Amino acid sequence: MIALAGAQVCITGGARGIGAATAAAAAERGATVWIGDRDLAAATETAKSLGRRVNALHLDVTDETSFKDFVGTVSERGPIDMFVNNAGIQHMGRFVDQDLEALQRELAINLGAVLTGTHLVLPEMVRRGRGHVVNVSSMAGKITTPGIATYSASKFGVVALDRAIRAELAGTGVTLTTVMPAATNTELTAGVRLRLQPTLQPEQVAAAIVASATHTRGEVTVPRYLAPMGIFEEVIPSSIMWRLKRFVGGAEYGAFDPAQRRAYLERSRTS
């Protein structure tokens with residue numbers, strides 16, 4: 001359990017969306033917050049808007065040296081109490097139609113960077129006997145969604161990685177929470193038809209991330225009533241599940257407006 005007042009909190013992908021909302025929520029509770037983002041200008045602007053408790057640093061989560069520099073710079077100011085692996089991207093469309101290099105980069109950011117960030121901060125936390133890591137997955141990590149196959153794979157990977165690490169952390173005083181939000185109103189879902197799916201605001205996900213510092217539950221879905229969805233995926237026959245996904249819009253990720261996603265995709269290639 002981590003008291004956020006006076007704590008030092010790091011957030012990857014903190015310039016926008018869920019990351020920026022989490023920085024705001026943590027700072028409001030008295031934490032000193034460090035947001036890392038490849039777009040340093042945007043991160044700096046976000047930090048300025050959130051007040052003196054929030055600081056911005058450059059971070060390319062796909063570059064191990066950049067990640068080490070980020071963690072090292074923050075650690076020079078004091079121990080890291082809470083680390084949030086939030087950075088993520090999403091490509092949409094049929095798997096066979098997508099660019100292979102882009103899909104590999106999606107895995108590198110959504111799963112590889114979570115592995116790197118967690119690996120870098122856990123040793124010192126374990127040595128101190130306290131600390132909390134939050135890895136942001138997705139409901140796509142509990143139930144597969146056509147049109148975002150690689151994204152689903154990366155988020156399933158985060159869930160599996162975290163479950164194994166949590167078992168290793170038992171008795172160390174260090175905790176790890178996986179947060180799995182439903183579709184959230186950020187640039188990541190721009191141009192997507194969500195129909196009957198629950199849609200969240202970044203602040204709702206941020207509230208769940210910050211709350212995990214005190215309850216330290218292993219897995220948190222946002223909203224919480226979606227927790228059983230992973231079980232449904234396993235027990236309901238695939239033909240029936242496919243029809244259900246189509247009904248609620250879960251199959252609609254294959255259909256999106258490219259024009260509405262163009263700005264996001266251009267930025268995701270370079271940030």
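Against the chain, whose longest principal axis is taken from its Cα atoms, helix 40-50 shows a tilt of about 70°. For segment 8-268, the antiparallel share of DSSP beta bridges with both residues in that region comes to about 5%. Centroid-to-centroid, using Cα positions, segment 105-150 and segment 16-85 are 16 Å apart. Each helix, a run of at least 4 DSSP H residues, gives -39500 (n - 2.57); summed and divided by the residues of the chain, these come to -14000 deg cm²/dmol at 222 nm.
Assign one of three labels to segment 28-72, namely rounded, prolate or oblate, based on the Cα gyration tensor with a ≥ b ≥ c the square roots of its eigenvalues; rounded applies when a/c is under 1.5, prolate when it is not and a/b is larger than b/c, and oblate otherwise. Oblate, because a/c is 1.5 or more while a/b does not exceed b/c.
Exposure proxy check: PHE70, PHE83, PHE156, PHE232 ranked by fewest other beta carbons within 10 Å? Working shown, then result.
Details: PHE70 23, PHE83 26, PHE156 19, PHE232 14.
Ascending number of Cβ neighbours within 10 Å: PHE232, PHE156, PHE70, PHE83.
Show the residues, 5+ positions off or on another chain, whose built amide H is closer than 5 Å to the amide H of CYS10. Amide H neighbours of CYS10: TRP34, MET82, PHE83, VAL84.
For ASP97, ASP81, ASP69, which order do you get if you count the other beta carbons within 10 Å of each Cβ and list the fewest first? Numbers along the way, then the final one.
Working: ASP97 7, ASP81 21, ASP69 16.
Least to most surrounded, the residues fall as ASP97, ASP69, ASP81.
Restricting attention to the chain, the count of lysine pairs at 8 or more positions apart or across chains with alpha carbons under 26 Å apart stands at 5.
Once the Cα atoms are used to define both axes, helix 113-128 deviates from the longest principal axis of the chain by about 30 degrees. Axis angle, to the nearest 10 degrees, between helix 238-248 and the longest C-alpha principal axis of the chain: 80 degrees. By the count of neighbouring beta-carbon atoms within 10 Å, fewest first, ILE2, ILE89 end up ordered ILE2, ILE89. Using C-alpha pairs under 8 Å with a sequence gap of at least 6, the mean separation divided by the residue count of the chain gives a relative contact order of 20 percent.
Here, each number is a calculation from the coordinates, and none is a lab measurement. Computed from a predicted structure; not experimentally measured. Note that each Cβ is placed from the backbone with ideal geometry, even for glycine, and that neighbours are counted across all protein chains shown.
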